[in-house]
1. Could you work out the local net charge near residue 16, counting Lys and Arg as +1, Asp and Glu as -1, over the other residues with Cβ closer than 14 Å to its Cβ?
2. Could you pull out which residues in region 48-74 have an amide N less than 18 Å from a spot 7 Å beyond the Cα of residue 124, following the Cα-Cβ vector?
3. Any idea how far the Cα center of region 30-74 sits from the one of region 89-128, in Å?
4. Using a cut-off of 11 Å between beta-carbons, work out the net charge of the residues near residue 208 (Lys and Arg +1, Asp and Glu -1, residue 208 not included).
5. Please find the FRET efficiency linking residue 12 to residue 50, where r is the Cβ-Cβ separation and R0 is fixed at 30 Å, and quote it to the nearest 0.05.
6. Which residue, 258, 232, 193, has the most motion in a Gaussian network model of the chain that connects Cα atoms within less than 10 Å?
7. Cross-link list 212/233; 56/212; 125/152: which exceed 26 angstrom alpha carbon to alpha carbon?
8. Around residue 61, which amide H atoms from residues at least 5 apart in sequence, or from another chain, sit under 5 Å from its own amide H, with H modelled in the peptide plane?
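Just so it is clear, none of the values below were taken in a lab; they were calculated from the coordinates. Because the structure is predicted, anything quoted here is derived from the model rather than measured. Heads up, the Cβs are rebuilt from the backbone with ideal geometry, glycines too, and the neighbour counts pull from every protein chain shown.
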Amino acid sequence: DIYDEMERSYPARDNSCMITINPRRSSQLLYPEEHPREHPVAMARRLGILPGGQWKPLNCHPLFNVAIILPYRNRQTQLTIFMNYIHPFLQAQNLDYRIFVIEQSPVREFNRAKLFNVGYAEATKVNDFHCFIFQDIDLIPQNPDNIYACTKMPRHMSSSVNTFRYNLPYSGLFGGAIALTRKQFERVNGFSNVFYGWGGEDDDFYSRLQSKGLQVTRFGPDIAQYYMLIHNKEPPSSARFENLENSAKRYDTDGISNLEYRVLNHQLRPLYSWILADV
Ligand code: NGS
């Protein structure tokens, strides 16, 4: 039973929220690109989402407290689709959650991993989050049983993606969408900061987990199903293999321990907390 593997953020008590899915709400989820798009303010009002994309159930005590960290640059349509889809999805799971969009300022190459570190650091400043989901905005979870909360071990959530015909391409893949408790994340010093450009940062992170003896969990492929929104492929970075070769030397010195960045702007938007960072 997958629910036995969950790591609760709050102890169970009278009137704890059920972690089973409410079928009435989950049946409202449609195929992502056909999902209706609502004005953010109207959507926030209808769903009771607080400024900065925060929500928690009011009729029961939530079991899970989650920060969802989304690295971002220049993909407005995908962001809109993602937000329209994900809020009802998360609410159906009765989570206490908040969504952070960490946008990288121009001009340097995109640094997905460092943006995750920034998201962790900024989220930790505003709340004592127990669990972190780090994920790409082009990935839409298709099964409402894929709980957006942490497991006893770090979890690769997107192990079954349509673009791989719902197969895991290699056993060490730890990209896409992952869930780690704050403790697990801090134990490996977060992500490496050196991976500018596409590729390798997730492989580096996987080796960090292995170096600390943290086994990775995956739910079954039926539960871990994702639909990837279509976009152009990024050219892979030429430095990624060299960075990976030196991974082990940097575990303790490169990560959240030496994280440096500047917040250029931030706003509590209706559906998410927006942070513009120079990394
Ligand atoms: C590997 C990349 C990973 C990437 C994975 C899946 O080759 O960062 O492919 O990519 N590692 C290196 O480049 C060293 S995907 O097919 O989803 O675009 O996550």
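1. Summing Lys/Arg as +1 and Asp/Glu as -1 gives +1.
2. Within reach of a label on residue 124: 65-71.
3. One Cα centre to the other: 14 Å.
4. Surrounding charge for residue 208 is -3.
5. So, using R0 = 30 Å, E works out to roughly 0.75.
6. 232
7. 212/233; 56/212
8. Counting only residues 5 or more places away or on other chains, the set is 16, 17.
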